[in-house]
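A.B. asks: Quick one: the structure is below, and I'll ask about it shortly.
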Amino acid sequence: MTAKEKEPKEGSYTAENIQVLEGLEPVRKRPGMYIGGTGLDGLHHLVWEVVDNSIDEAMAGYCNEITVHMLPENAVCVIDNGRGIPVEIHKQTKKSTLETVLTILHAGGMFGGGGYKVSGGLHGVGVSVVNALSTTLIAEVERDGGAFRQEFQRGKPKHNVKKIGSSKGHGTTITFTPDPEIFPEIKFDAERIMQRLRQQAYLAPGVRINFYDERELGKVTRYGFFFEGGIKSYVEHLNYGKDVKNEEPFYVGKQTGDSSVEISLQYTDAYTEHMLAFVNTIHTPEGGTHVAGFRQSLTRAINDYARKHSLLKEKDENMTADDVQEGLTVVISVKIPNPQFEGQTKAKLGNPEVRGAVAEVMYDGFQTYMEEHPQDARGIVGKVVLAARARAAARAARETVLRKGVLDGFALPGKLADCSEKDPKNSEIFIVEGDSAGGSAKQGRDRKTQAILPLRGKILNVERARLDRMLTSEEIKILIIALGTGIGEGFELEKLRYHKVVIMTDADVDGSHIRTLLLTLFYRHFRPMIDAGYVYIAQPPLFKLSRGSEQRYAYSDEERDKIMAEFAKKKADKKKEKEEVKEDVEVEESLEPLEGDAPVEGQLAMAKTGVNIQRYKGLGEMNPTQLWDTTMDPSVRVMRRVTVDDAEKADNTFETLMGSEVAPRKKFIQTHAKTVKNLDI
């Protein structure tokens, strides 16, 4: 049979159609299946995988120091003083254990070999995937009196394990460089990595975690994290500067069989919940059975205490899970031998037995705490009772808002210029500041897919307002009806009428304030819209540059100067072609600064090139055509998608900027004032 005859026929389905990928080939072929994607989230996932291996050693009691080095040329080095990955020949693979761990998927000490009782890496994809997605990976091990080294290139060993000397130490060093063939952008975020390391230090009390950033030549940034107080210290950190209802955070930690449960909580005067849940030190943002067990027992414990001490009247209904969440800051950390996660990225725990274990530990511990701390218990119950009353008032207000829409035939707000497209995937709404900008936007839009909703003035700061008060704001009511999702208990993301919700405000201080107020509203009450990637910020230009019939728009000072330089070059080239000897315009060194905020270099270029620069202070200054051409035309516009990379950091930022405490906000402004660009005063 010839080679041609062996090829599978088109449309056939035979053995020849089945492709077998060996070793780490599947990882390079489909990286998204293993690390969630090849964007910045996937890139940072490589760091988490290596660090998690070191944390596993710490949880097992063999490691008390971990160091992460960010090196030049996009390299990352993670060092621990654990036992060191074994280097002897593995019985099953007939290769060194080090090579086995680094080249075979799901090979490691957490897979039933007795290496770890609990592990964060069990359902992680492992350091072998980091190896597969790196141009180079160097593993160095110190153990059993020796120092060993092995190098890999795109997942394949360059040589066998080499003994490079003797050593009295112990531990593992992994140095890797992400592969640009896999990751289109390799840009590690130091702040993001430090947030993760700080979090791990709270979850592994007694372990010191160091961070060194050596990417900038001649400069080393050093940080160290060490917390003996564990998750109780974490709760105190999260609530720093806030008005708390129970001065001493509640903490309970208990071993139940092979599992351990730790919970710490504290109530504040905030109106939102801040929960962080972990399994084997791995953050589970979508919760799972451990969170369900906690919520069930917390609600039951507070209701039982309130009934027992007559803080709830007989005719009063029991408080709900929603009521007990208001103002709650809680960290849940469980360590279990065989966690079953939903998905490779470990976002949600699925073990059913964990729910009962967490519920039992939480209920018994919290009941004891409230009996021993009656003043704190009354503060907590009082906060929850107030939340229950507000919830009832908010429900009535919400029903009034929605009923008004129903009675009007679910008429959309009169201010809203809706689009004709009914499919949310193809529809977008621009939330515009003021009637002037709204008028230009309505005239310049694509009526088929683009809706315009002008808002008058600054909306209510919802950071310090409950839902019932929010719903007295006419602008917020209009926005809720326009979006179609409802709010609070009745929020349904599936009913969102537009899959692009675009905040379009002026490029000045007032515009920035309105944008911040809207972002606070979306973060606190429409968070699923942000998580789904439906919220955007429009980027209108700051400058219009005109020279003759040519017009250009600049979105920053730097872009303006670049366009000025291009205009100057064009004129110079034109003069050269005409072999002109004299310049049309002579500019003396004593030229007075021209009006505007362009740098002197830009002013000279303006004088030489005859360019007119218009600085836009507001969207209302643009005519409909200009607004379409610069900000709304999908083929050329620039928009920023709003994301939440770190919920803890975002929560603290909103609390600082929009909360009632003045001192933290003043400190924030003083710290960041010098970095502000395009500030109009």
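A.B. asks: Of the numbered conditions (1) surrounded by fewer than 16 Cβ atoms within 10 Å (Cβ to Cβ); (2) at pLDDT below 90, residue 390 fails exactly one; give the number of that condition.
C.D. replies: Checking residue 390 against (1) surrounded by fewer than 16 Cβ atoms within 10 Å (Cβ to Cβ); (2) at pLDDT below 90, the one that fails is (1).
A.B. asks: I need a count of the residues in segment 474-483 that are open to solvent by 20 Å² or more (accessible area, probe 1.4 Å) and either under 26 Å from the mean Cα position of the chain (by Cα) or not β-branched (Val, Ile, Thr) (or both).
C.D. replies: The qualifying residues number 3.
A.B. asks: List the pairs whose first member sits in segment 51-74 and is on the phi > 0 side of the Ramachandran plot, whose second member is aliphatic (A, V, I, L, M), and whose Cβ atoms are under 7 Å apart, counting only residues at least 6 apart or on separate chains?
C.D. replies: 74/186
A.B. asks: Output the residue which, of all residues in segment 331-349 that are among the β-branched types (Val, Ile, Thr) and either at pLDDT below 85 or in a loop (DSSP other than H, G, I, E, B) (or both), is nearest to residue 295 (Cα to Cα).
C.D. replies: Only one residue fits best here, namely 336.
A.B. asks: Can you tell me which residue among 479, 496, 460, 483 is in contact (Cβ under 8 Å) with a residue 24 or more places away in the chain and either of a type in the set (D, E, K, R) or in contact with a Gly (Cβ under 9 Å, 6 or more places away or on another chain) (or both)?
C.D. replies: Values: 479 fails: either of a type in the set (D, E, K, R) or in contact with a Gly (Cβ under 9 Å, 6 or more places away or on another chain) (or both); 460 fails: either of a type in the set (D, E, K, R) or in contact with a Gly (Cβ under 9 Å, 6 or more places away or on another chain) (or both); 483 fails: either of a type in the set (D, E, K, R) or in contact with a Gly (Cβ under 9 Å, 6 or more places away or on another chain) (or both).
Selected residue: 496, the only one of 479, 496, 460, 483 that is in contact (Cβ under 8 Å) with a residue 24 or more places away in the chain and either of a type in the set (D, E, K, R) or in contact with a Gly (Cβ under 9 Å, 6 or more places away or on another chain) (or both).
A.B. asks: Please go through segment 136-150 and give me each residue that is over 19 Å from residue 49 (Cβ atoms) and either surrounded by fewer than 20 Cβ atoms within 10 Å (Cβ to Cβ) or among the aromatic types (Phe, Trp, Tyr) (or both), ordered by number.
C.D. replies: The answer is 143, 144, 145, 146, 147, 148, 149.
A.B. asks: While we're here: Taking segment 488-513 as the search range and keeping residues that are hydrophobic (A, V, I, L, M, F, W, C) and in contact with a helix residue (DSSP H, G or I) (Cβ under 9 Å, 6 or more places away or on another chain), which one is surrounded by the fewest Cβ atoms within 10 Å (Cβ to Cβ)?
C.D. replies: Taking the candidates together, the pick is 493.
A.B. asks: Something else about it: Taking residue 174, is it touching a helix residue (DSSP H, G or I) at 6+ places or on another chain (Cβ under 6 Å) and open to solvent by less than 50 Å² (accessible area, probe 1.4 Å)?
C.D. replies: Details: touching a helix residue (DSSP H, G or I) at 6+ places or on another chain (Cβ under 6 Å): yes; open to solvent by less than 50 Å² (accessible area, probe 1.4 Å): yes.
Considered against the rule, which asks whether it is touching a helix residue (DSSP H, G or I) at 6+ places or on another chain (Cβ under 6 Å) and open to solvent by less than 50 Å² (accessible area, probe 1.4 Å), residue 174 comes out as yes.
A.B. asks: Residues in segment 609-618 that are open to solvent by less than 60 Å² (accessible area, probe 1.4 Å) and either at negative phi or in a helix (DSSP H, G or I) (or both): how many?
C.D. replies: Selection size over segment 609-618: 6.
A.B. asks: Moving on. Taking only pairs six or more apart or across chains, which ones have beta-carbon atoms under 9 Å, a first residue in segment 424-442 that is open to solvent by less than 10 Å² (accessible area, probe 1.4 Å), and a second residue that is among the aromatic types (Phe, Trp, Tyr) and modelled with pLDDT of 90 or more?
C.D. replies: Pairs that qualify, where the first residue is open to solvent by less than 10 Å² (accessible area, probe 1.4 Å) and the partner is among the aromatic types (Phe, Trp, Tyr) and modelled with pLDDT of 90 or more, are 427/498; 429/498; 438/430; 441/430; 441/628.
A.B. asks: Filtering segment 271-298 down to residues that are more than 20 Å from the chain's Cα centre (by Cα) and open to solvent by 20 Å² or more (accessible area, probe 1.4 Å), which residue is farthest from residue 363 (Cα to Cα)?
C.D. replies: 271
A.B. asks: If I go through segment 456-473 residue by residue, how many of them are closer than 27 Å to residue 540 by Cβ and under 28 Å from the mean Cα position of the chain (by Cα)?
C.D. replies: 6
A.B. asks: Would you check which residues across segment 410-438 are at pLDDT below 95, closer than 20 Å to residue 494 by Cα and hydroxyl-bearing (Ser, Thr, Tyr) and list them?
C.D. replies: Hit for segment 410-438 is 420, nothing else.
A.B. asks: Can you report the number of residues in segment 236-256 which are open to solvent by 70 Å² or more (accessible area, probe 1.4 Å) and of a type in the set (Ser, Thr, Tyr)? First the steps, then the outcome.
C.D. replies: First, pick out the residues of segment 236-256 that are open to solvent by 70 Å² or more (accessible area, probe 1.4 Å): 236, 240, 243, 245, 247-248, 251, 254-255.
Imposing the further condition that a residue be of a type in the set (Ser, Thr, Tyr) reduces the set to 240, 251.
Result for segment 236-256: 2.
A.B. asks: Every residue in segment 197-229 that is open to solvent by 20 Å² or more (accessible area, probe 1.4 Å) and small (Gly, Ala, Ser), please.
C.D. replies: Matches in segment 197-229: 206, 218, 224, 229.
A.B. asks: A further question follows. I'm told residue 21 meets every condition in (1) assigned to a loop (DSSP other than H, G, I, E, B); (2) of a type in the set (A, V, I, L, M, F, W, C); (3) modelled with pLDDT of 90 or more; (4) farther than 20 Å from residue 173 by Cβ except one. Can you identify the failing condition by its number?
C.D. replies: All conditions are met except number (3).
A.B. asks: Give all pairs with beta carbons closer than 6 Å in which a residue from segment 220-235 that is of a type in the set (D, E, K, R) meets a residue that is not in a loop (DSSP other than H, G, I, E, B); count only pairs at least 6 apart in sequence or on separate chains.
C.D. replies: Close Cβ pairs satisfying both conditions: 222/212; 232/251; 232/264.
A.B. asks: Same structure, new question: Which is open to solvent by less than 70 Å² (accessible area, probe 1.4 Å) and more than 28 Å from residue 323 (Cα to Cα), of 233, 264, 259?
C.D. replies: Result: 259 is the single residue among 233, 264, 259 that is open to solvent by less than 70 Å² (accessible area, probe 1.4 Å) and more than 28 Å from residue 323 (Cα to Cα).
A.B. asks: Counting only residues that are more than 30 Å from residue 273 (Cα to Cα) and either of a type in the set (S, T, N, Q) or at pLDDT 80 or above (or both), give me the helices (runs of 4 or more DSSP H) lying completely in segment 484-602 with at least 3 of them.
C.D. replies: 557-578
A.B. asks: While we're on this one: Being surrounded by 15 or more Cβ atoms within 10 Å (Cβ to Cβ) and either of a type outside the set (S, T, N, Q) or not in a helix (DSSP H, G or I) (or both) is the filter here; which residues of segment 619-641 pass it?
C.D. replies: Hits for segment 619-641 are 619, 620, 621, 622, 624, 627, 628, 629, 632, 637, 639.
A.B. asks: Quick check on residue 194: is it open to solvent by 10 Å² or more (accessible area, probe 1.4 Å) and over 19 Å from residue 79 (Cα atoms)?
C.D. replies: no
A.B. asks: While we're here: Which number in (1) modelled with pLDDT of 85 or more; (2) touching a strand residue (DSSP E or B) at 6+ places or on another chain (Cβ under 7 Å); (3) β-branched (Val, Ile, Thr) marks the one condition that residue 638 misses?
C.D. replies: Among (1) modelled with pLDDT of 85 or more; (2) touching a strand residue (DSSP E or B) at 6+ places or on another chain (Cβ under 7 Å); (3) β-branched (Val, Ile, Thr), the lone unmet condition for residue 638 is (2).
A.B. asks: For residues that are among the charged types (D, E, K, R) and surrounded by fewer than 18 Cβ atoms within 10 Å (Cβ to Cβ), scanning just segment 448-465, find the one that is nearest to residue 388 (Cα to Cα).
C.D. replies: Checking each candidate, the answer is 464.
Quick grid of which residues meet (1) of a type in the set (Val, Ile, Thr); (2) buried (at least 21 other Cβ atoms within 10 Å of the Cβ); (3) under 19 Å from residue 223 (Cα atoms):
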residue: 34; (1), (2), (3): no, yes, no
residue: 37; (1), (2), (3): no, no, no
residue: 42; (1), (2), (3): no, no, no
residue: 48; (1), (2), (3): no, yes, yes
residue: 61; (1), (2), (3): no, no, no
residue: 67; (1), (2), (3): yes, no, yes
residue: 71; (1), (2), (3): no, no, yes
residue: 76; (1), (2), (3): yes, yes, yes
residue: 90; (1), (2), (3): no, no, no
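A.B. asks: Is there any pair with a first residue in segment 362-390 that is touching a residue at least 24 places away in the same chain (Cβ under 8 Å) and of a type in the set (S, T, N, Q) and a second that is in a helix (DSSP H, G or I) and surrounded by fewer than 19 Cβ atoms within 10 Å (Cβ to Cβ) whose Cβ atoms are under 9 Å apart and which are 6 or more apart or on different chains, and what are they?
C.D. replies: 367/304
The values are calculated or read from the model by the stated rules, or taken from the named source; none is laboratory data. What you see is a predicted model, and the numbers here were worked out from it, not measured in a lab. No Cβ is skipped: glycine too gets one built from the backbone with ideal geometry, and neighbour counts run over all protein chains shown. Accessible surface is based on the protein model in full, side chains and every heavy atom, while ligands, DNA and RNA are left aside. Shrake-Rupley method; radii C 1.70, N 1.55, O 1.52, S 1.80 Å.
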